[in-house]
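Q: Handing you this structure, nothing more for now.
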């Protein structure tokens, strides 16, 4: 197989390119960020993702993986080109397509032979045909009207923190294409997965594009549903863990994504739910369930601030130790992390926050929480016990493994109070009460 190019070395592009190289394919990762390319060429991975640095180093050494900032090299040297660039949400929730379209134009302006352009980015339904029209127009303008090409939709389903495993052992591979030749090329690329009986779904372009949005919207709905049930459990004195377990034993429902908490975050679910509502709006279809999920998820974060405020009898002048900033464990990603609006809500009500995350503290301090750094209201701490010093309450926001086995006696000695707000329900209420804590979970 000829070399494959990946345009974009962000989260999806880097994981995709590295894992394809691990499959034995020669891969070139291309990015306009020259500094990032130089760092990657030295084996320096700019994101926190377990297992990825070792795979990058291994495949760089083997020569199967290399990086470039030269778009000409990426296009001319490959017959199959993946587009894996960012598609952030606009102010109205619609998908910002500028990077995808720029990548497609760059390919169209340089191609001189048949190419298969594979879109890996999460894009609105209809993007595949839009890319086809853009490339055809460019080729016609260049006097290459007879030059053939194919466009494929191959959405990603990678979870941050387990992306390498998800790529190597996916639940399914979705390929949207109008060409049997292009579909066969995709089978060849993913031959390793084909041989271990991974389910493959070959669909139209539009169907493949919608599968990604539908999947993420449904997961967001499950999370939001159990959060609302947890809120009801708090009001009526029920235990959401027992409710969720009983629900999950129903084969029609399933046990996954029924864990209550402060609301979903990250780079996918918030963006894709907003995107699906926008796609519906543009096509005259009201996505009322998904729209309600978005609103309920935002309300859940505010409710967590209210929970702490009610438990402490007010927040002004209180010191809160926040454990966990990333939106989930095993990542340093702060995009749409529930910690940000929760911390901002605590500070707005007069609280002082002492925060720690095993890998995301620096990202938070440089990014979403930068406005509070250096003020009396926010302190970034080097570990969980430093964060607890003088705190009247601990607020567990991200369920990192090291927070599952805290030295609770040491924590008590360091704290000024005894409140423990467990927004991930890591600990058992009875055990915490016996240890002298005033414990508040979610739906327990």
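Read-outs: derived from the displayed coordinates by stated rules, not from any lab. A quick note: this is a predicted structure, and the numbers were derived from the prediction, not measured. Positions of Cβ are generated from backbone atoms using ideal geometry, with glycine treated the same way; all protein chains shown enter the neighbour counts.
Q: Using only the Cα atoms of the range 291-381, build the gyration tensor, take square roots of its eigenvalues as a ≥ b ≥ c, and label the shape rounded, prolate or oblate: rounded if a/c is under 1.5, else prolate if a/b is larger than b/c, else oblate.
A: Numbers: a/c = 1.82, a/b = 1.03, b/c = 1.77.
The shape class here is oblate.
Q: Now for a different question. Quick one: which of 142-149, 248-255, 167-174 comes out on top by average Cβ neighbours within 10 Å, and what's the full order, highest first?
A: 167-174, 142-149, 248-255
Q: Shape call for the range 297-444 from the C-alpha gyration tensor, a ≥ b ≥ c root eigenvalues: rounded (a/c under 1.5), prolate (a/b greater than b/c) or oblate?
A: rounded
Q: Cut-off is 10 Å between beta-carbons; in what order do 241, 114 appear when sorted fewest neighbours first?
A: Starting with the residue having the fewest Cβ neighbours, the order is 114, 241.
Q: Would you mind calculating the relative contact order of the chain from Cα pairs under 8 angstrom and at least 6 residues apart, reporting the percent as a whole number?
A: Across the chain, relative contact order equals 11 percent.
Q: Shape of the range 197-270 from its Cα gyration tensor (a ≥ b ≥ c, root eigenvalues): rounded if a/c is under 1.5, otherwise prolate when a/b > b/c, or oblate?
A: Values: a/c = 3.46, a/b = 1.92, b/c = 1.80.
Cα axes put the range 197-270 in the prolate bin.
Q: Hey, fewest Cβ within 10 Å first, where do 344, 137 land in order?
A: The fewest-first ordering by Cβ neighbours comes to 137, 344.
Q: If you take every DSSP beta bridge fully contained in the chain, what fraction is antiparallel? Give it as a percent rounded to 5.
A: Among the beta bridges of the chain, antiparallel pairing accounts for roughly 5 percent.
Q: As a check on your grasp of the helix formula, calculate [θ] at 222 nm for the chain: sum -39500 (n - 2.57) over DSSP H runs of n ≥ 4, divide by the residue count, round to the nearest 500.
A: Dividing the helical sum by the residues of the chain leaves -14000 deg cm²/dmol.
Q: Arrange 325, 312 by Cβ neighbour counts within 10 Å, fewest through most, would you?
A: Values: 325 28, 312 19.
With the sparsest Cβ surroundings first, the list reads 312, 325.
Q: Set the Förster radius R0 to 60 Å, insert the Cβ-Cβ distance between residue 109 and residue 434 as r into 1/(1 + (r/R0)^6), and round the FRET efficiency to 0.05.
A: Efficiency computed from Cβ-Cβ geometry: 0.30.
Q: For the range 25-47 and the range 327-357, compute the distance between their C-alpha centroids and round to whole Å.
A: So the separation of the two Cα centres works out to 30 Å.
Q: Further question: Return the whole-Å distance between the Cα centroid of the range 64-118 and the Cα centroid of the range 366-381.
A: 37 Å
Q: Could you state the number of Å between the C-alpha centres of the range 126-185 and the range 276-296?
A: Each part reduced to its Cα centre gives a spacing of 26 Å.
Q: Same structure again: I'd like the per residue volume of the convex hull spanned by the Cα atoms of the range 4-203, given in cubic angstrom.
A: 120 Å³
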